[in-house]
């Protein structure tokens, strides 16, 4: 006897039986979310990840401070000093070169994944590496970043700590039998924990996870990430100190045109974001044309960093003191211009050379400098307020994360009153960069490694459309009493190209008994068959994959893909009567519906058109 499993390329009944019977009552299984109780296990593991992420943030900050004190300031300082307070003179230009050379050697003989600012590497691990990060990367990334930043590299610590926290979450996940998606959740939880602990911004850390790293919006991933961020933020007062990192004065009241000015700041920040992205990858392209191994590129970038430090020492290092000065309005325009230009150049060159370090703190400094300069010309608020707007806008535009940037600025300063101006500026900056650039400074790195990613999130149309909307209702069938002789003749008669690969076999009441495919006919031709046998004798209803009109297309597509089935009959739940057929090509109609919704444009409400003279005469004659 034969059934669906006898069709060409289709699995055996034992393999197929798991997918043969969708739930009898779809309302009992369908809901807003698909999360199950395993999320509690992930949340429990996120408690450990959050604690470890906070510890890693503390350790990285201490390591950067120690290397800075020893390498640049020349002493193990009891009180943390700014990197610009060194007294080395021209000798200070050599120190970034040494630090960058060490980083190049570590990348060459340790792991190439420590190059760059960390977030693209985390993205790549999530999307293309099954969320697996190696132990040596977890060790070498923070160490190389601490050396780079501590010796004057113009970077932030957030990229390395995001990569380190993500590595901690990934390593923990790899110790347990978890799926790739669950490993991703813990990896991102570690990244969010590192950011929350470093800056004291747990809400922004969760938003960063959603906008940049998760590539989904599910409770399965959101809940553990939020748990890790909250735990890390709870540890922060004990490890790094309480309160906002850069507290500012009370909120400023803007005039009626204030939001327009914020939008203008966002517009310029968006243009600045595009320029910075072009600079970074322009220098990277220039380094790739050099006839030397990439291990030496960071050292060459370190020369530029050292020379820039001689021009403006405040451009070196993380630069938290610069951020505080800009927000408090304690800078003069000339100094801000020098800081902006030098920081932009040495940061772009160093990042393009492959030195290890983050992008967030430098973006805040450059955006704050740009905003402070604009604030000098805006007759409202203070330069410090506009510096805050500029910081968030350039972050939102460059990283393509407007919500993260908005909440990050609020949590960083404690200025909740600036929420609306921040949202206006970040949204405009985001719009500018989306329209001007195909890739962000983060995703361009991934794209250059041969991968493509999309950061647009939509609800899967397969999870909203029912089978009845895509099935073919007029189905060609074969009667159950049809003989095998007639069936073979049917499949082998002239016009074979017009035949389907398989046909449902139905009884007198149009109930599906099974499927007959070309593979069955070929087998019968080779092996023979019992004379007088009819299709009802050789097909069975057991293990037959069927669909129901009211089930979701996504559920059916999953079963068809798992069982390698090309055509599935659609039957009524109550009596099994055939009502339609779904083939692989019909699933493409779901995509066609989505494209139609996106591209078809029509005015639904139209202004009334004045009647012509002919129409008026016809109307009058009709009334007569």
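What follows is calculated from the coordinates using simple rules that are stated; it is not laboratory data. None of these values were measured; they are calculated from a predicted model. Here the Cβ is made from the backbone with ideal geometry for all residues, glycine too, and neighbour counts use every protein chain on show.
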**Item:** Cβ-based exposure ranking for 248, 446, in which fewest neighbours within 10 Å come first
**Value:** 446, 248
**Request:** At 7 Å along the Cα-to-beta-carbon direction for both residue 275 and residue 294, put a label point, then send me their distance in nm to one decimal.
**Result:** 2.9 nm
**Folded to 0 to 90 degrees: helix 613-623 orientation relative to the chain principal axis, Cα** = 50 degrees
**Fill in**
Once the mean of 1/r over all distinct C-alpha pairs in the range 38-239 is inverted, the Kirkwood radius in Å reads 17.0 Å
**Prompt:** Convex hull over the Cα atoms of the range 258-448, averaged projected area in nm²?
**Reply:** 10.2 nm²
**Request:** Please give the contour-minus-distance gain from residue 594 to residue 109: 0.36 nm per residue of separation, less the Cα-Cα distance, rounded to one decimal in nm.
**Result:** 169.7 nm
**Request:** Treat the range 329-401 as a sphere of radius equal to its Kirkwood radius over Cα pairs and apply Stokes-Einstein at 10 °C in a medium of 1.306 mPa s; give the translational diffusion coefficient in µm²/s, rounded to a whole number.
**Result:** 127 µm²/s
**Request:** Quick one: angle between helix 584-599 and the longest Cα principal axis of the chain, in degrees between 0 and 90, rounded to 10, please.
**Result:** 50 degrees
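Report for the chain the percent antiparallel among DSSP-assigned beta bridges with both residues inside it, nearest 5. Provide the component values of the computation, followed by the final result.
Working: 15 of 18 bridges.
If I count the DSSP bridges inside the chain, around 85 percent turn out antiparallel.
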**Message:** Let's test the formula: R0 of 56 Å, r as the Cβ-Cβ distance of residue 527 and residue 311. What FRET efficiency results, to the nearest 0.05?
**Reply:** 0.05
**Item:** Antiparallel bridge percentage (DSSP; both residues within the range 407-555; nearest 5)
**Value:** 80 percent
**Message:** Suppose R0 equals 35 Å. What FRET efficiency, 1/(1 + (r/R0)^6) with r the Cβ-Cβ distance, do residue 451 and residue 217 give to the nearest 0.05?
**Reply:** 0.95
**Request:** For each of 141, 184, 218, 343, count neighbouring Cβ atoms within 10 Å of the residue's Cβ, then give the residues from fewest to most.
**Result:** 218, 343, 184, 141
**Fill in**
Once both label points are put 7 Å beyond Cα along the C-beta direction, the residue 36-residue 537 separation in nm becomes 4.4 nm
**Fill in**
Relative contact order as a percentage, the chain, C-alpha pairs under 8 Å and 6+ apart, gives 18 percent
**Item:** In degrees, nearest ten, helix 219-239 long axis to first principal axis of the chain (Cα)
**Value:** 20 degrees
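Ranking 426, 175 by Cβ neighbours within 10 Å, fewest first, what do you get?
In increasing order of surrounding Cβ atoms, one gets 175, 426.
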**Complete:** Two pseudo-spin positions, 7 Å from Cα along C-beta at residue 483 and at residue 175, lie apart in nanometres by 7.2 nm
**Request:** Only Cα pairs under 8 Å and at least 6 apart count here; give the relative contact order of the range 464-563 as a rounded whole percent.
**Result:** 39 percent
**Request:** Read through the labelled values (1) 3, 15, 24, 25, 17, 9, 5, 2, 0; (2) 3, 14, 20, 18, 13, 11, 10, 7, 3, 1, 0; (3) 3, 13, 21, 21, 18, 12, 5, 3, 2, 1, 0, 0, 0 and report the label of the one computed as P(r) over Cα pairs in 10 Å bins from 0, in percent from the structure.
**Result:** (2)
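Only helical DSSP H runs with n ≥ 4 go in: add -39500 (n - 2.57) per run for the chain, normalise by residue count and round the 222 nm mean residue ellipticity to 500 deg cm²/dmol.
One gets -18000 deg cm²/dmol as the mean residue ellipticity at 222 nm.
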